[in-house]
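One structure below.
Read-outs: derived from the displayed coordinates by stated rules, not from any lab. Just so it is clear, the model here is predicted, and its values are computed rather than measured.
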């Protein structure tokens, strides 16, 4: 297979991924000291979502920026989780924790917007949540904050599941 054909096929596969919103959360340059001086490489933390409740994160490392971002986006697309979004917010309050970072996420009334810091804001925008309140507590490491948010999102209950647990109709739960 010629290199040109391979590039065309890669571009076609990228065209199918247009429905995803890709957000770069953090790009870090790291240096390794070797005999001839410093050797730089890059690490990228990205969030990918379809704007309809599916969101994932990925972390990639490479010797150049574009390759690190591409790797992290590919990993993010493989780790998608579903957010139960109803009326542009989440069904209930949740606290997600990872190591010493914890993130409190609360539902908000329509029109509030995304009241959140950088990493949490990127996740919510990519996931299609437009009304949310959040507060990051503990460590401020962006990687740990992203993992804490995803820990919280994985523990969110769907409205149908909440109604079933309470023994009520779905209409009674959401009003």
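What to note about this one:
- For the range 84-174, the spherically averaged projection of the C-alpha convex hull amounts to 5.6 nm².
- Once C-alpha pairs closer than 8 Å and six or more residues apart are averaged by separation and normalised to the residue number of the chain, the relative contact order reads 18 percent.
- Springs join every pair of Cα atoms under 10 Å in this Gaussian network model of the chain, and among 165, 144, 63 the largest mean-square fluctuation is at 165.
- For the options 62, 44, 108, a Gaussian network treatment of the chain with springs between C-alpha atoms closer than 10 Å singles out 62 as fluctuating the most.
- Only DSSP H runs of four or more residues enter the estimate; each adds -39500 (n - 2.57), and after division by the residues of the chain the mean residue ellipticity at 222 nm equals -10500 deg cm²/dmol.
- Most mobile listed residue (90, 114, 162) in the chain, GNM with C-alpha springs under 10 Å: 162
- In terms of overall dimensions, the C-alpha atoms belonging to the range 125-175 reach 41, 21, 17 Å along their principal axes, ordered largest to smallest.
- Full extension of the segment from residue 170 to residue 63, taken as 0.36 nm per residue of separation minus the current Cα-Cα distance, would add 33.4 nm.
- Length-normalised contact order for the range 77-175 - Cα pairs under 8 Å, 6+ apart - percent: 32 percent
- Cα extents of the chain along the three principal axes, largest first (Å): 66, 42, 28
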